[in-house]
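*Asks:* One structure, pasted below without further comment.
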Amino acid sequence: MNDSKKPVAALSNDSTVSDGTTARGRHLINFTSKYAMFGVLVVLIIVATMLYPTFLNPANLGNILTQNSAVGLIAIGMTFVIISGGFDLSVGATYALGATLYAGLTIQTGSVFIAGVGALLAGVIVGTLNGLIVSRLNVNPFVATLGTSSIIGGIAYIYSGSSPFIVNDNPAFQDLALTRILGVPLPIWILVTAFVVSAFLLAKTNFGRNIYAVGGNFEAAWLTGLRVKGLRSSVYILTGGLAALAGMMDASRLGVGQADVGAAMALNAIAIVVVGGTSLLGGEGAIWRSAVGLLILATLTNVFYSLNVSQHWQLIAKGVIVVAAVAVDAIVRARSRN
């Protein structure tokens with residue numbers, strides 16, 4: 001259910017299981033499926049360094065992490081949602097709403113603090129709405145979040161009047177993106193902290209174990225007395241808040257908040273989670289896997305840009321990677337069931 005190795009029946013290393021695979025071979029399959037993407041990341045870094053000698057320059061690494069901190073936050077929330085057996089296509093619209101509100105409220109109130117609270121609250125409200133629709137009304141997560149994505153996007157456009165909010169008279173607006181602590185940009189600190197806290201929650205707490213249980217077998221989790229509806233709702237609330245924070249960080253970095261951003265955020269976040277090795281079927285995965293997935297796609301994007309690869313080819317490559325990752329997951333799961 002969780003990301004640790006599953007116990008194998010009492011067989012010797014050379015014993016043969018029903019599908020003709022030895023216990024040793026099964027261990028090898030499990031180990032490979034768990035850590036293969038980490039090996040891919042290492043190979044990618046080596047290739048990137050050969051193609052792009054300044055890839056490991058601290059300034060370049062800082063830029064990579066800063067530019068991908070927003071999608072990284074969304075991927076953390078998406079990891080919780082997918083492990084719980086759900087899906088969230090509204091993160092792109094929530095990201096745009098967070099960016100728009102953060103910029104718009106800063107202009108209207110003159111207070112970055114009020115703007116930040118307002119944007120985060122909007123993200124939590126969106127997540128709560130998604131959670132209620134999915135858990136209480138039993139609407140399919142794909143359909144539910146597709147619908148709320150359209151609603152949220154419309155609200156962002158109405159609020160902004162279909163025009164960007166450009167913040168050029170409040171220096172504090174860009175503090176969220178430009179502040180450095182010990183020489184490291186604040187968005188990187190936020191991203192790393194979010195990964196560490198989320199990894200602890202998912203791997204070391206009852207909440208995390210219950211999320212795995214709900215995603216692994218919803219009915220069994222319900223029969224054991226778990227509050228499955230509350231658990232399912234909680235992951236959408238978490239994701240909504242993180243998506244709004246991601247929008248705030250990017251708005252701060254760019255100095256502008258607008259409603260027509262975030263169209264690719266859902267795809268990118270799902271790609272990160274899937275490439276990292278979290279199963280779309282739910283009940284299996286880990287935050288560290290999503291961290292690896294983020295670094296893989298961020299490295300690829302950086303290399304593509306350094307080699308002046310067209311954005312169209314980048315989209316094709318990303319799609320191929322996602323399909324391949326899902327196919328590998330399906331193959332590994334099929335072999336583990338036999």
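Values quoted throughout were computed directly from the atomic coordinates according to the rules given, and no laboratory measurement underlies them. Everything quoted here is computed from the prediction, not taken from an experiment. All Cβ positions, even for glycine, are placed from backbone atoms using ideal geometry, and neighbour counts span all protein chains on display.
*Asks:* Quick check on this structure: which one of ALA221, ALA213, ALA266, ALA259 is without any contact (Cβ under 8 Å) to a residue 40 or more places away in the chain and surrounded by 19 or more Cβ atoms within 10 Å (Cβ to Cβ)?
*Replies:* Numbers: ALA213 fails: without any contact (Cβ under 8 Å) to a residue 40 or more places away in the chain; ALA266 fails: without any contact (Cβ under 8 Å) to a residue 40 or more places away in the chain; ALA259 fails: without any contact (Cβ under 8 Å) to a residue 40 or more places away in the chain.
Of the residues listed, the single one that is without any contact (Cβ under 8 Å) to a residue 40 or more places away in the chain and surrounded by 19 or more Cβ atoms within 10 Å (Cβ to Cβ) is ALA221.
*Asks:* If the requirement is being on the phi > 0 side of the Ramachandran plot and of a type in the set (Gly, Ala, Ser), which of these qualifies: GLY98, GLY85, GLY77, GLY92?
*Replies:* Within the list GLY98, GLY85, GLY77, GLY92, the selection yields GLY85.
*Asks:* I'd like to verify a number: residues in the stretch 289-306 that are among the hydroxyl-bearing types (Ser, Thr, Tyr), more than 13 Å from ASN60 (Cβ to Cβ) and over 11 Å from the mean Cα position of the chain (by Cα), how many? Explain how you work it out, then say what you get.
*Replies:* At the first step, the residues of the stretch 289-306 found to be among the hydroxyl-bearing types (Ser, Thr, Tyr) are 290, 299, 301, 305-306.
Right, trim to more than 13 Å from ASN60 (Cβ to Cβ) and you get 290.
This time we only want the ones that are over 11 Å from the mean Cα position of the chain (by Cα), so: none.
The qualifying residues number 0.
*Asks:* Look at THR193 and say whether it is in contact with a Phe, Trp or Tyr (Cβ under 7 Å, 6 or more places away or on another chain) and either closer than 23 Å to ALA122 by Cβ or touching a residue at least 40 places away in the same chain (Cβ under 8 Å) (or both). Don't jump to the end; show me each part of the working.
*Replies:* On the way: in contact with a Phe, Trp or Tyr (Cβ under 7 Å, 6 or more places away or on another chain): no; either closer than 23 Å to ALA122 by Cβ or touching a residue at least 40 places away in the same chain (Cβ under 8 Å) (or both): yes.
No; evaluated as a whole, the condition is false for this residue.
*Asks:* Over 13 Å from the mean Cα position of the chain (by Cα), of a type in the set (Gly, Ala, Ser) and farther than 21 Å from GLY98 by Cβ, is that true of GLY283? Show your work before the answer.
*Replies:* Numbers: over 13 Å from the mean Cα position of the chain (by Cα): yes; of a type in the set (Gly, Ala, Ser): yes; farther than 21 Å from GLY98 by Cβ: yes.
When the stated conditions are applied, GLY283 passes them.
*Asks:* Could you tell me whether the stretch 78-93 includes any residue that is of a type outside the set (Asp, Glu), in contact with an Asp or Glu (Cβ under 8 Å, 6 or more places away or on another chain), assigned to a helix (DSSP H, G or I) and more than 20 Å from TYR236 (Cα to Cα)? Walk me through it before giving the result.
*Replies:* Keep residues of the stretch 78-93 that are of a type outside the set (Asp, Glu), which gives 78-87, 89-93.
Subsequent filtering for residues that are in contact with an Asp or Glu (Cβ under 8 Å, 6 or more places away or on another chain) retains 78, 81, 83.
This time we only want the ones that are assigned to a helix (DSSP H, G or I), so: 78, 81, 83.
Right, trim to more than 20 Å from TYR236 (Cα to Cα) and you get none.
The answer is no; no qualifying residue exists.
*Asks:* Starting from residues that are closer than 16 Å to VAL192 by Cα and of a type in the set (A, V, I, L, M, F, W, C), keep the ones in the stretch 274-292 and report whichever is surrounded by the fewest Cβ atoms within 10 Å (Cβ to Cβ). Reasoning before the result, please.
*Replies:* At the first step, the residues of the stretch 274-292 found to be closer than 16 Å to VAL192 by Cα are 286-292.
This time we only want the ones that are of a type in the set (A, V, I, L, M, F, W, C), so: 286-288, 291-292.
Values: ALA286: 23, ILE287: 26, TRP288: 18, ALA291: 24, VAL292: 21.
Ranking the qualifying residues of the stretch 274-292, first place goes to TRP288.
Every residue, every condition in (1) of a type in the set (A, V, I, L, M); (2) within 28 Å of GLY62 (Cα to Cα); (3) part of a helix (DSSP H, G or I), yes or no:
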{"residue": "LEU146", "(1), (2), (3)": "yes, no, yes"}
{"residue": "SER162", "(1), (2), (3)": "no, no, no"}
{"residue": "ILE188", "(1), (2), (3)": "yes, yes, yes"}
{"residue": "LEU191", "(1), (2), (3)": "yes, yes, yes"}
{"residue": "PHE195", "(1), (2), (3)": "no, yes, yes"}
{"residue": "PHE207", "(1), (2), (3)": "no, no, yes"}
{"residue": "ASN210", "(1), (2), (3)": "no, no, yes"}
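*Asks:* Of ILE64, ILE46, ILE74, which residue is assigned to a helix (DSSP H, G or I) and buried (at least 24 other Cβ atoms within 10 Å of the Cβ)? If you could, list the steps in order and put the result at the bottom.
*Replies:* On the way: ILE64 fails: buried (at least 24 other Cβ atoms within 10 Å of the Cβ); ILE46 fails: buried (at least 24 other Cβ atoms within 10 Å of the Cβ).
Among ILE64, ILE46, ILE74, only ILE74 is assigned to a helix (DSSP H, G or I) and buried (at least 24 other Cβ atoms within 10 Å of the Cβ).
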